[in-house]
1. For the subset of region 30-46 comprising residues that are crowded, with 16+ Cβ neighbours inside 10 Å, out of contact with any His (no Cβ under 8 Å at 6 or more places or on another chain) and touching a residue at least 24 places away in the same chain (Cβ under 8 Å), which member is farthest from Ile101 (Cα to Cα)?
2. Any residue at all in region 58-67 that is crowded, with 17+ Cβ neighbours inside 10 Å, at pLDDT 95 or above and part of a strand (DSSP E or B)?
3. Does Asp54 meet the test of being of a type outside the set (Gly, Ala, Ser), under 18 Å from Trp107 (Cα atoms) and assigned to a strand (DSSP E or B)?
4. With the requirement that a residue be within 11 Å of the chain's Cα centre (by Cα), part of a loop (DSSP other than H, G, I, E, B) and under 20 Å from Glu77 (Cβ atoms), what does region 24-51 give you?
5. Would you mind stating whether Leu89 is of a type in the set (A, V, I, L, M, F, W, C), in a strand (DSSP E or B) and farther than 21 Å from Asp114 by Cα?
6. Here are some conditions: (1) under 21 Å from Ser105 (Cα atoms); (2) modelled with pLDDT of 95 or more; (3) in contact with a strand residue (DSSP E or B) (Cβ under 7 Å, 6 or more places away or on another chain). Glu12 meets all but one. Which one does it not meet?
7. Do the conditions hold for Asp21, that is, is it at negative phi, part of a strand (DSSP E or B) and surrounded by fewer than 18 Cβ atoms within 10 Å (Cβ to Cβ)?
Amino acid sequence: MGAPGPAFVLHEHRRPRHHFDLRLEEGGVLRSWAVPRGLPDDPARNRLAVAVPDHDLDHLTYTDADKSIADTGWWEEHDRTERRLLFTLHGRAGAVRYALIRTASDWLLHRTKDQPEK
């Protein structure tokens with residue numbers, strides 16, 4: 001049996017500079033954002049998220065000498081506008097709700113105060 005929703009993967013890159021890539025399956029591709037400091041663990045601390053080109057679905061399991069999978073699972077969309085995507089990642093350690101918020105030049109990744117029940 002498959003996941004209840006589309007897949008996501010969080011890649012950890014060690015080169016050229018340490019960063020993470022959040023990839024959400026949508027429309028047959030992985031929509032992707034580079035997140036230099038990783039996913040926020042506190043609603044008071046937003047993280048920069050830079051949209052990067054879509055990746056092929058084979059990146060869901062891709063690793064190499066400089067790239068590993070930090071987390072994987074499925075994601076659930078709750079709300080979407082032109083400027084915001086509210087979603088929950090259902091990963092290895094449980095479910096966490098985030099919002100991607102478009103700014104004038106990039107995106108902010110925000111961990112919401114309202115979290116799924118454990």
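The values are calculated or read from the model by the stated rules, or taken from the named source; none is laboratory data. Quick caveat, the model's predicted, so the values are computed rather than measured. Here the Cβ positions follow ideal geometry from the backbone for every residue, glycine too, while neighbour counts run over all protein chains shown.
1. Leu39
2. Checking region 58-67: not a single residue is crowded, with 17+ Cβ neighbours inside 10 Å, at pLDDT 95 or above and part of a strand (DSSP E or B).
3. yes
4. Answer for region 24-51, where residues must be within 11 Å of the chain's Cα centre (by Cα), part of a loop (DSSP other than H, G, I, E, B) and under 20 Å from Glu77 (Cβ atoms): Leu39, Pro40.
5. Values: of a type in the set (A, V, I, L, M, F, W, C): yes; in a strand (DSSP E or B): yes; farther than 21 Å from Asp114 by Cα: no.
For Leu89, the condition - of a type in the set (A, V, I, L, M, F, W, C), in a strand (DSSP E or B) and farther than 21 Å from Asp114 by Cα - is not met.
6. Of (1) under 21 Å from Ser105 (Cα atoms); (2) modelled with pLDDT of 95 or more; (3) in contact with a strand residue (DSSP E or B) (Cβ under 7 Å, 6 or more places away or on another chain), only one is false for Glu12: (1).
7. On the way: at negative phi: yes; part of a strand (DSSP E or B): yes; surrounded by fewer than 18 Cβ atoms within 10 Å (Cβ to Cβ): no.
Against the criterion (at negative phi, part of a strand (DSSP E or B) and surrounded by fewer than 18 Cβ atoms within 10 Å (Cβ to Cβ)), Asp21 does not qualify.
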